[in-house]
Amino acid sequence: MKSFLFTIMQLTSEKKRTMSTSVFSCFATLLVFGFSSLASAKTHHLHWEVSYMFASPDCQEKLVMAINGQFPGPTIHAKAGDTVVVELKNSLPTEGVVIHWHGIKQIGTPWADGTALISQCPIKPDETFVYKFQADKAGTYFYHGHYGMQRAAGLYGLLIVDVKEGEKEKFKYDGEINMLLSDWYHQDIYTQMVGLSSNPFRWIGEPQSLLINGVGQFNCSLATNQGINKCNMENVQCSPMVFKVMPNKTYRLRIISTTSLSSLNLAIGNHKMTIVEADGNYVDPFTVDDMDIYSGDSYSALITTDQHVSSNHWISVGVRGRQPKTPPALAIRAVKRIPFQRFPFRSVRNGTETEW
Ligand SMILES: [Cu+2]
């Protein structure tokens, strides 16, 4: 702003007149532009209900925290400048709940930040709270429970903010693949929580599995005490995720980690990744063979499907920097029809948003 004023002061009076006319028309253009961008901004109204349900994300059945009966919770898609309204009903019988929108700045709406006992009281059982905030900046984000260890119980999902209507991304791609990564413990969150705050301290150990979009594979033969909860490796809920892609196209992978403990490493067989975004910020593109990702981080990576187009490729996610006791999470990047018998599990499931 200062340099703009300085430039005007250098002008002759004749030029000033021309300039003031053009400044006026520029201002008018800005106003019109401002109104038109306001007009294109949308409001997304969502009705969510948080409850417990039984699920077998990695073949071992346990209680998970779900939104509208889904784990992970529904993906929010918005454009920069849109308003998101989430009417959140707490249907957990005996505990409060909040949801934090990780990466959203909440300018002017601090009460919607969803941090329990800081920006709001937990929403009581059977009560509803309305979160209303602006998706202020394009980027790859997520949301998660922010009370006790509810995030570790599975209360999370994706929040994808695209560029404003009429604007273009700085890089080109043909499709998107979203990968929400998490670590998964079979012990319930209350046993973990009491152990971690006990004296003597009771360490939670390594996660039993890693999940990609809420799906992982635990080897049920290792299950020591199944109790009433079943472990079934043929359960369709834990069959490997398949991302179908077309040959010779560029895809934007949006990779998000919501782990409790694990730092992760991700690699795709025979493919390099070009990192273009980190935590909602564009970065100077750089190319890697594999990438580390820490809890709460998000990245966008471009991959081009130009390698061995007649075969499928594994996407592998492993724990970094700790004893490798947790088996990697695997997904398949498929470029052709996949015969079921080629996989260690009887059936396969498709990536939810990536049918290309
Ligand atoms: Cu967060």
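The values are calculated or read from the model by the stated rules, or taken from the named source; none is laboratory data. What you see is a predicted model; the values in this text were computed from it and never measured. Here Cβ is always computed from backbone atoms with ideal geometry, including for glycine, and neighbour counts include all displayed protein chains.
Could you list all residues from segment 132-153 that are over 21 Å from ALA78 (Cβ atoms) and within 13 Å of the ligand (Cβ to nearest atom)?
TYR147, GLN150, ARG151, ALA152, listed by residue number.
What pairs come out if I take residues in segment 136-160 that are within 18 Å of GLN120 (Cβ to Cβ) and pair them with residues that are within 14 Å of the ligand (Cβ to nearest atom) and basic (Lys, Arg) whose C-beta lies under 7 Å away, six or more apart or interchain? Pairs that qualify, where the first residue is within 18 Å of GLN120 (Cβ to Cβ) and the partner is within 14 Å of the ligand (Cβ to nearest atom) and basic (Lys, Arg), are HIS144/ARG151; GLY145/ARG151.
Among residues that are modelled with pLDDT of 95 or more, away from the ligand (no atom under 16 Å from the Cβ) and not aromatic (Phe, Trp, Tyr), ASN248 is not included.
Quick check on this structure: which one of LYS105, LYS124, LYS89 is over 22 Å from the mean Cα position of the chain (by Cα), among the basic types (Lys, Arg) and in the same structural domain as THR140 (by TED's automatic domain parsing)?
Values: LYS105 fails: over 22 Å from the mean Cα position of the chain (by Cα); LYS89 fails: over 22 Å from the mean Cα position of the chain (by Cα).
Result of the check over LYS105, LYS124, LYS89: LYS124.
The residue that is nearest to SER295 (Cα to Cα), among those in segment 89-110 that are in a strand (DSSP E or B) and either modelled with pLDDT under 95 or within 16 Å of the ligand (Cβ to nearest atom) (or both), is HIS102.
Filtering segment 143-175 to residues that are in a strand (DSSP E or B), over 22 Å from ILE303 (Cα atoms) and touching a Ser or Thr at 6+ places or on another chain (Cβ under 9 Å) leaves HIS144, TYR156, GLY157.
Of the residues making up segment 68-76, at least one is within 16 Å of the ligand (Cβ to nearest atom), under 16 Å from the mean Cα position of the chain (by Cα), at pLDDT 95 or above and of a type in the set (Gly, Ala, Ser). Scanning segment 264-290 for residues that are closer than 17 Å to GLU176 by Cβ, without any contact (Cβ under 8 Å) to a residue 60 or more places away in the chain and more than 16 Å from the ligand (Cβ to nearest atom) turns up MET273, THR274, ILE275. Taking segment 203-320 and the strands (runs of 3 or more DSSP E) fully enclosed by it, the elements with 2 or more residues that are among the acidic types (Asp, Glu) are at 290-293. Just so you know, in segment 111-126 the residues that are crowded, with 20+ Cβ neighbours inside 10 Å and among the hydrophobic types (A, V, I, L, M, F, W, C) include one that is farthest from the ligand (Cβ to nearest atom), and it is ILE123.
In summary, PHE129 fulfils each of the numbered conditions (1) closer than 20 Å to GLN70 by Cα; (2) within 16 Å of the ligand (Cβ to nearest atom); (3) outside any loop (DSSP other than H, G, I, E, B) with the single exception of condition (2). The condition of being in contact with a strand residue (DSSP E or B) (Cβ under 8 Å, 6 or more places away or on another chain) and within 23 Å of GLU167 (Cβ to Cβ) holds for only one of THR83, THR115, THR128, that being THR83.
Looking at this structure, is PRO200 loosely packed, with under 14 Cβ neighbours inside 10 Å and free of Cβ contacts under 8 Å to residues at least 40 places away in the same chain?
Working: loosely packed, with under 14 Cβ neighbours inside 10 Å: yes; free of Cβ contacts under 8 Å to residues at least 40 places away in the same chain: yes.
Taking the combined requirement at face value, the residue satisfies it.
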